[in-house]
Amino acid sequence: HVDAATLEGATVLTEDRTLSPAARVSHSPVDVAISGWSTAPGSRMKFEAKHGIEKDGQLTAAGDLRLVPFALNLAVDLQRFPLPVLQPYLSQATALTLRSGDLSVKGSYALAAPRPGASLASKASGEVRVDNLLATDDVVKEDLLKWRSLVFGGIRFEQGPDRLRIDRIVAQEPYARIVIAQNGSTN
């Protein structure tokens with residue numbers, strides 16, 4: 001049993017060297033607080049985490065966790081995650097450069113086994129948005145995709161039985177440049 005554990009003001013630099021160029025992301029400051037951790041059956045641990053991502057991104061997560069039987073409840077608020085940090089991953093499979101874009105996700109997630117040994121059931125709800133996206137086609141050196149805002153709102157996902165519902169999709173100032181070549185391939 002641990003009553004409380006905290007980490008404050010940490011900096012974490014991640015680097016994925018399986019890619020060329022390597023994907024690098026700076027996380028700072030990182031603050032984590034855990035309370036009521038115990039291995040006793042039925043006990044619930046509470047946690048809160050908050051950390052910056054690159055310059056403007058911010059992730060806040062809070063919830064509780066029970067080990068036996070397993071249950072997790074999580075509230076997540078990701079603001080302005082800078083999508084261009086994913087460029088090294090995109091470069092592996094596309095001729096696309098992600099010039100700008102911010103990902104924001106706000107929602108809740110629950111994962112639980114109704115009894116020990118049972119399969120896990122999960123539920124998620126929330127909103128996903130991508131603001132100020134600009135992606136260029138590296139072959140023709142022109143804009144490929146861009147928009148001011150793309151929002152998926154009222155998302156509800158359930159597993160066991162599987163269901164997905166999205167109440168609304170709103171695109172503001174969308175643009176796409178699709179080129180079909182003589183051989184039928186597209187950009």
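The values are calculated or read from the model by the stated rules, or taken from the named source; none is laboratory data. Just so you know, these numbers come straight off a predicted model, no measurement behind them. Cβ atoms come from the backbone with ideal geometry, glycine included; neighbour counts cover every protein chain shown.
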Inset, instruction - Might you let me know whether the range 52-65 holds any residue that is aliphatic (A, V, I, L, M), touching an Asp or Glu at 6+ places or on another chain (Cβ under 7 Å), surrounded by fewer than 17 Cβ atoms within 10 Å (Cβ to Cβ) and assigned to a loop (DSSP other than H, G, I, E, B)? - result: no
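Name the residue, out of LEU134, LEU86, LEU103, LEU90, that is outside any loop (DSSP other than H, G, I, E, B) and either aromatic (Phe, Trp, Tyr) or more than 17 Å from the chain's Cα centre (by Cα) (or both).
Working: LEU86 fails: either aromatic (Phe, Trp, Tyr) or more than 17 Å from the chain's Cα centre (by Cα) (or both); LEU103 fails: either aromatic (Phe, Trp, Tyr) or more than 17 Å from the chain's Cα centre (by Cα) (or both); LEU90 fails: either aromatic (Phe, Trp, Tyr) or more than 17 Å from the chain's Cα centre (by Cα) (or both).
Going through LEU134, LEU86, LEU103, LEU90 in turn, just one is outside any loop (DSSP other than H, G, I, E, B) and either aromatic (Phe, Trp, Tyr) or more than 17 Å from the chain's Cα centre (by Cα) (or both): LEU134.
For the range 158-174, give me each residue that is assigned to a strand (DSSP E or B), more than 14 Å from ASP131 (Cβ to Cβ) and either touching a Lys or Arg at 6+ places or on another chain (Cβ under 7 Å) or free of Cβ contacts under 8 Å to residues at least 12 places away in the same chain (or both).
The answer is GLU158, ARG163, LEU164, ARG165.
When you scan the range 115-136, how many residues do you find that are over 17 Å from LEU86 (Cβ atoms) and surrounded by 13 or more Cβ atoms within 10 Å (Cβ to Cβ)?
Let us first name the residues in the range 115-136 that are over 17 Å from LEU86 (Cβ atoms), namely 115-127.
Cutting the leftovers down to surrounded by 13 or more Cβ atoms within 10 Å (Cβ to Cβ) gives us 120-127.
Residues meeting the conditions: 8.
What number of residues within the range 98-122 satisfy the criterion of being farther than 21 Å from GLY52 by Cβ and at pLDDT 95 or above? Steps first, please.
First pass over the range 98-122, keeping only residues farther than 21 Å from GLY52 by Cβ: 99, 108-122.
Next cut, at pLDDT 95 or above only: 99, 108-110.
Residues in the range 98-122 being farther than 21 Å from GLY52 by Cβ and at pLDDT 95 or above: 4 in total.
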Inset, instruction - Please name all residue pairs, on different chains or six or more residues apart, with Cβ atoms under 7 Å, provided the first residue is in the range 20-37 and is without any contact (Cβ under 8 Å) to a residue 60 or more places away in the chain and closer than 22 Å to ASP56 by Cβ and the second residue is surrounded by 15 or more Cβ atoms within 10 Å (Cβ to Cβ) and of a type in the set (Asp, Glu). - result: SER26/GLU54
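What residue, of ARG115, ARG129, is touching a residue at least 12 places away in the same chain (Cβ under 8 Å) and farther than 22 Å from PRO174 by Cβ?
Numbers: ARG129 fails: farther than 22 Å from PRO174 by Cβ.
Every option except ARG115 fails the conditions.
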Legend entry - Among residues of the range 146-171, those that are under 16 Å from SER100 (Cα atoms) and more than 19 Å from the chain's Cα centre (by Cα), counted: 3
Legend entry - Counted residues, the range 66-79 - those being without any contact (Cβ under 8 Å) to a residue 40 or more places away in the chain and assigned to a strand (DSSP E or B): 7
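Keeping to the range 13-51, report how many residues are part of a strand (DSSP E or B) and over 25 Å from SER108 (Cβ atoms). Lay out the reasoning, then the answer.
If we filter the range 13-51 for residues that are part of a strand (DSSP E or B), which is where we start, we get 13-16, 23-37, 44-51.
Subset that is over 25 Å from SER108 (Cβ atoms): 13-16, 23-24, 26, 28.
Total satisfying the criteria: 8.
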Legend entry - Top-ranked residue of the range 137-187 - restricted to ones that are basic (Lys, Arg) and farther than 19 Å from GLY107 by Cβ, ranked as surrounded by the most Cβ atoms within 10 Å (Cβ to Cβ): LYS146
Legend entry - Unmet requirement for SER119, which otherwise passes all of (1) more than 27 Å from THR97 (Cβ to Cβ); (2) in a strand (DSSP E or B): (2)
